[in-house]
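**Student:** Input: one structure, supplied below.
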Amino acid sequence: MGRARFAFTDRFGGGSQAPFDHLNLGGHVGDDPDVVADNRRAVAAAVGRRPDHVLYMNQVHGADVAVVNGPWDAVVPEVDALVTTSPSVALAVLVADCVPVLLADPDVGVIGAAHAGRPGLVAGVVPSVVSTMRAQGARSITAVAGPSVCGRCYEVPAAMRDGVADAVPEARASTTWGTPALDIRAGVLAQLVAAGVSASASTTCTLEDAASYSYRRDRDTGRFAGIVQLAV
């Protein structure tokens, strides 16, 4: 996509042992920290970056956005979206059923990454990251929503579905067995389109796909990443 590059990892190729096998990039799930660091180094090399130039967040299911221009200092912020105009860094979002959203205006040189789970969808992390990108000069934004649990599989209590659908009607869904469900991916796409973003989405359901980590399927599991960067 011009100056912008989007990528999504899967669970293959790393050194993590069960139940995190193999390419777990999450440092908060109970995996060996040294192995996670090795996995992150391997991913950084694959996307052509030094490890400290692939920026991960401390994700908290909110809507806060951080604008970054270089590697983190001592503290990684508690945010659910990142935006940069710097070609020196890549932005990463970690998921295992939530929606990883990668965004770019490649002509202007503004990119973003967002973590959109159920709480973040309702809180408005997607409109927030789009607004922040525009404040950095973005005009024509393209976005990709990566692999996530689908609306056919994401069963929730009826009251929860109704609460989310009150905020984002497009997220209302039903499972294949007829019970209340949420389609977070559809909600994300609706918010992107409403914000004037050209958006597409993966059709991969993480719960159904053995190549993806899925918290709802496995509980104790790893995290895969969506990574966006500007060409150097």
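The values are calculated or read from the model by the stated rules, or taken from the named source; none is laboratory data. Remember, it's a predicted structure, so these values are computed and weren't measured experimentally. Cβ atoms come from the backbone with ideal geometry, glycine included; neighbour counts cover every protein chain shown.
**Student:** Scan the range 192-202 for residues that are under 14 Å from the mean Cα position of the chain (by Cα) and assigned to a loop (DSSP other than H, G, I, E, B) and jot them down.
**Tutor:** Correct list: SER202 only.
**Student:** Additional query: What is the number of the single condition among (1) in contact with a helix residue (DSSP H, G or I) (Cβ under 9 Å, 6 or more places away or on another chain); (2) within 21 Å of ARG40 (Cα to Cα) that GLY120 does not meet?
**Tutor:** (2)
**Student:** For residues in the range 145-180 being surrounded by 20 or more Cβ atoms within 10 Å (Cβ to Cβ) and among the β-branched types (Val, Ile, Thr), which is farthest from PRO119 (Cα to Cα)?
**Tutor:** Applying the filter and picking the extreme gives VAL149.
**Student:** How many residues are crowded, with 17+ Cβ neighbours inside 10 Å and either within 13 Å of ASP80 (Cβ to Cβ) or hydrophobic (A, V, I, L, M, F, W, C) (or both) when one looks only at the range 43-60?
**Tutor:** Within the range 43-60, residues that are crowded, with 17+ Cβ neighbours inside 10 Å and either within 13 Å of ASP80 (Cβ to Cβ) or hydrophobic (A, V, I, L, M, F, W, C) (or both) number 8.
**Student:** Could you list, in sequence order, the residues of the range 130-172 that are closer than 22 Å to ARG219 by Cβ, out of contact with any helix residue (DSSP H, G or I) (no Cβ under 6 Å at 6 or more places or on another chain) and outside any loop (DSSP other than H, G, I, E, B)?
**Tutor:** Selection gives GLU155, MET160, ARG161.
**Student:** Looking at the range 53-65, is at least one residue farther than 24 Å from ALA171 by Cα and modelled with pLDDT under 95? Spell out the reasoning first.
**Tutor:** Step one: list which residues in the range 53-65 are farther than 24 Å from ALA171 by Cα, which gives 53-58.
Narrowing the set further to residues that are modelled with pLDDT under 95 leaves none.
No, the range 53-65 contains no residue that is farther than 24 Å from ALA171 by Cα and modelled with pLDDT under 95.
**Student:** Would you say ASP34 is surrounded by fewer than 16 Cβ atoms within 10 Å (Cβ to Cβ) and either more than 18 Å from TYR215 (Cβ to Cβ) or touching a strand residue (DSSP E or B) at 6+ places or on another chain (Cβ under 7 Å) (or both)? Outline the logic, then answer.
**Tutor:** Values: surrounded by fewer than 16 Cβ atoms within 10 Å (Cβ to Cβ): yes; either more than 18 Å from TYR215 (Cβ to Cβ) or touching a strand residue (DSSP E or B) at 6+ places or on another chain (Cβ under 7 Å) (or both): yes.
Taking the combined requirement at face value, the residue satisfies it.
**Student:** While we're here: With the condition kept exactly as written, say whether any residue in the range 94-112 is surrounded by 17 or more Cβ atoms within 10 Å (Cβ to Cβ), of a type in the set (Val, Ile, Thr), in contact with a Phe, Trp or Tyr (Cβ under 8 Å, 6 or more places away or on another chain) and in contact (Cβ under 8 Å) with a residue 40 or more places away in the chain.
**Tutor:** Yes, the conditions are met somewhere in the range 94-112.
**Student:** If a residue must be in contact with a helix residue (DSSP H, G or I) (Cβ under 6 Å, 6 or more places away or on another chain) and more than 24 Å from SER212 (Cβ to Cβ), how many such residues does the range 173-196 contain?
**Tutor:** 1
**Student:** Say whether the condition of being free of Cβ contacts under 8 Å to residues at least 24 places away in the same chain and either crowded, with 19+ Cβ neighbours inside 10 Å or in contact with a Pro (Cβ under 7 Å, 6 or more places away or on another chain) (or both) is met by at least one residue in the range 65-72.
**Tutor:** For the range 65-72, residues free of Cβ contacts under 8 Å to residues at least 24 places away in the same chain and either crowded, with 19+ Cβ neighbours inside 10 Å or in contact with a Pro (Cβ under 7 Å, 6 or more places away or on another chain) (or both): present.
**Student:** Separate question: With the condition being farther than 17 Å from GLY124 by Cα, I'd like the strands (runs of 3 or more DSSP E) fully within the range 30-103 carrying at least 2 qualifying residues.
**Tutor:** Fully inside the range 30-103 and qualifying: 90-95.
**Student:** Now for a different question. Which pairs do you get when a residue that is more than 15 Å from ALA225 (Cα to Cα) and small (Gly, Ala, Ser), found in the range 21-49, comes within reach of a residue that is assigned to a loop (DSSP other than H, G, I, E, B) and modelled with pLDDT under 95, reach meaning Cβ atoms under 8 angstrom, with the pair 6+ apart or on two chains?
**Tutor:** GLY48/VAL232
**Student:** Would you say LEU189 is in a loop (DSSP other than H, G, I, E, B), surrounded by 18 or more Cβ atoms within 10 Å (Cβ to Cβ) and either modelled with pLDDT of 95 or more or not aliphatic (A, V, I, L, M) (or both)?
**Tutor:** On the way: in a loop (DSSP other than H, G, I, E, B): no; surrounded by 18 or more Cβ atoms within 10 Å (Cβ to Cβ): yes; either modelled with pLDDT of 95 or more or not aliphatic (A, V, I, L, M) (or both): yes.
In short, no.
**Student:** Answer yes if at least one residue in the range 213-227 is in a helix (DSSP H, G or I) and buried (at least 24 other Cβ atoms within 10 Å of the Cβ), and no otherwise.
**Tutor:** No: the range 213-227 contains no residue that is in a helix (DSSP H, G or I) and buried (at least 24 other Cβ atoms within 10 Å of the Cβ).
**Student:** Mind checking which residues of the range 43-71 are over 19 Å from the mean Cα position of the chain (by Cα) and either of a type in the set (A, V, I, L, M, F, W, C) or farther than 25 Å from GLY13 by Cβ (or both)?
**Tutor:** ALA45, ASN69, GLY70
**Student:** Residue check, PRO77 against (1) within 18 Å of GLN191 (Cβ to Cβ); (2) surrounded by fewer than 24 Cβ atoms within 10 Å (Cβ to Cβ), all met but one. Which one?
**Tutor:** Failed condition: (1).
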